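Asks: Here's a structure for you.
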Amino acid sequence: MTVTQAVCRLIGKRDRYTVEHSKNVARLMSAFAKYAELSTEDITLAYIAGAVHDVGKISVPDYILNKPGRLTEEEFAQIKNHPIVGANILAKVPGLEKVAEIVRYHHEWYNGSGYGAGLSGEEIPFISRMLAVCDSFDAMTTIRCYRQQPLSNHKALTEIINCAGTQFDPVISRCFVDFIECRQDYHNRFTFNP
């Protein structure tokens, strides 16, 4: 078993939704990285980062992870720590230092108002900016404990475009929309084969 598989099992023991979400994001990241013609190394890095990006949620109590309603400020503060907790876990594994950096910054916003270190624009690592889009797209298009009706791909892509320049990198956002729209199975829930 690889370290990545072990981390994914750890996530899966805590929360079934998170493990499915992580698998979806890993496949999405890999396919998007190929579409963007990144190097083989960066495609692998994108896949691994997608698979383990929420490992820090092991520090969040179940009642918060599975809460159907709005989070309190205190509960949201605990959720906001998961990228740092995850990065600290991954940084201790030899060979995952780059993955740890990507995970640490995947909730930064392009305009600097996200959470983590308050980075903005190009200060945020490129693959972290990709992860922000892929993570959000999967979250919007799947059932969540706080929302039983997922958004259609079209509505989720519209939201990504609406948030380009604030939450998301505008160039990555446009590229991601093109990537999803060019897929034959765009109008259906897609599956990716990395």
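Asks: Only one of (1) on the phi > 0 side of the Ramachandran plot; (2) under 18 Å from the mean Cα position of the chain (by Cα) is not met by VAL52, so which one is it?
Replies: (1)
Asks: Open to solvent by less than 50 Å² (accessible area, probe 1.4 Å) and over 12 Å from ILE127 (Cα atoms): which single residue out of LEU65, LEU38, LEU45 fits that description?
Replies: Sole residue among the options that is open to solvent by less than 50 Å² (accessible area, probe 1.4 Å) and over 12 Å from ILE127 (Cα atoms): LEU65.
Asks: Does ASP62 count as of a type in the set (Asp, Glu) and within 18 Å of ARG27 (Cβ to Cβ)? If you could, list the steps in order and put the result at the bottom.
Replies: On the way: of a type in the set (Asp, Glu): yes; within 18 Å of ARG27 (Cβ to Cβ): no.
In short, no.
Asks: Any idea which of (1) open to solvent by 20 Å² or more (accessible area, probe 1.4 Å); (2) touching a residue at least 24 places away in the same chain (Cβ under 8 Å) is the one VAL52 doesn't satisfy?
Replies: (1)
Asks: Going by what's in this entry, would LEU96 be described as closer than 18 Å to ASN24 by Cβ, touching a residue at least 12 places away in the same chain (Cβ under 8 Å) and over 15 Å from the mean Cα position of the chain (by Cα)?
Replies: no
Asks: So in the range 167-177, with the set limited to residues that are free of Cβ contacts under 8 Å to residues at least 24 places away in the same chain and of a type outside the set (Lys, Arg), which one is nearest to ASP138 (Cα to Cα)?
Replies: Ranking the candidates gives VAL177 first.
Asks: Among the residues of the range 106-122, how many are part of a helix (DSSP H, G or I) and open to solvent by 60 Å² or more (accessible area, probe 1.4 Å)?
Replies: So the first thing to find is which residues in the range 106-122 are part of a helix (DSSP H, G or I), and the list is 121-122.
Those still in the list that are open to solvent by 60 Å² or more (accessible area, probe 1.4 Å) too: 122.
Final tally of qualifying residues: 1.
Asks: Of the numbered conditions (1) hydrophobic (A, V, I, L, M, F, W, C); (2) part of a loop (DSSP other than H, G, I, E, B); (3) at pLDDT below 90, ALA6 fails exactly one; give the number of that condition.
Replies: The number of the failed condition is (2).
Asks: Looking only at the range 179-193, count how many residues are farther than 17 Å from ASP135 by Cα and modelled with pLDDT of 75 or more. Steps first, please.
Replies: We begin by selecting, within the range 179-193, every residue farther than 17 Å from ASP135 by Cα; these are 181-188, 193.
So of that shortlist, the ones also modelled with pLDDT of 75 or more come out as 181-183.
Of the residues in the range 179-193, 3 are farther than 17 Å from ASP135 by Cα and modelled with pLDDT of 75 or more.
Asks: Ok, one more. Kindly establish whether ILE127 is open to solvent by less than 50 Å² (accessible area, probe 1.4 Å) and either hydrophobic (A, V, I, L, M, F, W, C) or out of contact with any Gly (no Cβ under 9 Å at 6 or more places or on another chain) (or both). Lay out the reasoning, then the answer.
Replies: Numbers: open to solvent by less than 50 Å² (accessible area, probe 1.4 Å): yes; either hydrophobic (A, V, I, L, M, F, W, C) or out of contact with any Gly (no Cβ under 9 Å at 6 or more places or on another chain) (or both): yes.
For ILE127, the condition - open to solvent by less than 50 Å² (accessible area, probe 1.4 Å) and either hydrophobic (A, V, I, L, M, F, W, C) or out of contact with any Gly (no Cβ under 9 Å at 6 or more places or on another chain) (or both) - is met.
Asks: Output the number of residues of the range 136-150 satisfying the condition of being open to solvent by 60 Å² or more (accessible area, probe 1.4 Å) and either under 17 Å from ALA164 (Cβ atoms) or among the aromatic types (Phe, Trp, Tyr) (or both).
Replies: 1
Asks: Looking at VAL85, VAL103, VAL133, VAL99, which one is in a helix (DSSP H, G or I), open to solvent by 30 Å² or more (accessible area, probe 1.4 Å) and touching a helix residue (DSSP H, G or I) at 6+ places or on another chain (Cβ under 7 Å)? Lay out the reasoning, then the answer.
Replies: Values: VAL103 fails: open to solvent by 30 Å² or more (accessible area, probe 1.4 Å); VAL133 fails: open to solvent by 30 Å² or more (accessible area, probe 1.4 Å); VAL99 fails: open to solvent by 30 Å² or more (accessible area, probe 1.4 Å).
The unique qualifying residue is VAL85.
The values are calculated or read from the model by the stated rules, or taken from the named source; none is laboratory data. No experiment lies behind these values; they were computed from the predicted model shown. Glycine also receives a Cβ, built like all others from the backbone with ideal geometry; neighbour counts cover every protein chain displayed. When the accessible area is computed, the model is the full protein with side chains, heavy atoms only, and any ligands, DNA or RNA have been set aside. Shrake-Rupley method; radii C 1.70, N 1.55, O 1.52, S 1.80 Å.
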